[in-house]
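Take a look at the structure set out below.
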Amino acid sequence: MDPDQRPSATHQLVRYAILLYWSVFWLFNLIDKVVGGAHFLWVGRDRFAQFQKYFESTGLGSPDVANAALAFAGALEAFALVFFCGALVFEIQRNASASRRWSFFGTLLTLGTFTFFSIGDHWFGDRFELLEHTLFWFISLMSWVVFIQLESSPSHGTTTLPRSQWITATAVSGVLILATATAIFQHNTSDFHLRTDGIEAEQVGDHIYKVAFPFLGGSTVFENTLAQFKESHPNESIQHIYTVPKPLRLKKADALIFYIMTENRP
């Protein structure tokens, strides 16, 4: 690239930010595919269970179908991560043509991934996911347009940020990182126990009790809740446990609600 056509320092910083954003975005998405459930400093979703639930709603309940769809989506995301990381490396090396090529393929894979998800959202009738994936589709396209425009914008003056701007950017970034880290650690300190603690059952009728799971609740919460219920109600025996009807479970809902039916012990 002609030195006179190099992006200005501000434009260069934005180009770095675009490539870094998509690299981190796809990295976390891949981790989410592998690490499901709630763990220390990480709360992920069980993507296999989510995919299987979607396919069951259309009569394709075989685990192999969900596995194939999840593997295909994971492959798209992995290749997108590789290309954006490569583009970032070339951008740091000031190899604009190579960075543009790798970013282009990363963007194509990103658009393909969100298109694949959007088709599934239409098929499964999940309008919330459709809105999310459609927004990301347009964000990906616009970030590519901005990336290209900033490359072709000639610099006017220095190609490095002034010292005052570096100090300001570093200070703002430090505050944001500190605030985010503090919020994450506070959440783990105050709410992480919800993934194991039993839940107090709420009586909603004669011998009918309602239990609403927290966001981090899992099988351990269910087991501890039943043990806690038996201890709190020694004069009652559990006869039935009902969950929300299947049509409702197929909608956008992460939390679980179930009802405990009891009768008096003889």
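Just a few scattered comments:
- Identity of the residue in the stretch 186-216, part of a helix (DSSP H, G or I) and touching a residue at least 24 places away in the same chain (Cβ under 8 Å), that ends up farthest from GLU231 (Cα to Cα): ASN188
- Inclusion of GLY74 among residues that are in contact with a Lys or Arg (Cβ under 6 Å, 6 or more places away or on another chain) and either closer than 30 Å to PHE55 by Cα or not in a helix (DSSP H, G or I) (or both) is warranted.
- Restricting ASN235, ASN224 to those that are exposed (fewer than 10 other Cβ atoms within 10 Å of the Cβ) and modelled with pLDDT of 85 or more reduces the list to ASN235.
- GLY125 meets all of the listed conditions (1) exposed (fewer than 13 other Cβ atoms within 10 Å of the Cβ); (2) among the small types (Gly, Ala, Ser); (3) within 29 Å of PRO214 (Cα to Cα) but one, namely (1).
- Long-range neighbours under 8 Å by Cβ, at least six apart or interchain, first residue crowded, with 18+ Cβ neighbours inside 10 Å within the stretch 71-82, second basic (Lys, Arg) and at pLDDT 90 or above: none
- PHE229 in contact with a strand residue (DSSP E or B) (Cβ under 7 Å, 6 or more places away or on another chain), at pLDDT 80 or above and part of a helix (DSSP H, G or I): yes
- Pairs linking a residue in the stretch 7-28 that is in contact (Cβ under 8 Å) with a residue 12 or more places away in the chain and of a type in the set (Ser, Thr, Tyr) to a residue that is buried (at least 20 other Cβ atoms within 10 Å of the Cβ) and part of a helix (DSSP H, G or I), with Cβ atoms under 6 Å and 6 or more positions apart or on different chains, are SER23/PHE84; SER23/LEU88.
- Residues in the stretch 73-100 that are of a type in the set (D, E, K, R) and within 15 Å of ILE18 (Cβ to Cβ): GLU91, ARG100.
- Check on LEU108, of a type in the set (A, V, I, L, M, F, W, C) and at pLDDT 90 or above: yes
- Residue list for the stretch 83-101, restricted to those being without any contact (Cβ under 8 Å) to a residue 60 or more places away in the chain and within 20 Å of TRP137 (Cβ to Cβ): PHE83
The values are calculated or read from the model by the stated rules, or taken from the named source; none is laboratory data. A quick note: this is a predicted structure, and the numbers were derived from the prediction, not measured. We place every Cβ from the backbone using ideal geometry, glycine too, and count neighbours over all the protein chains shown.
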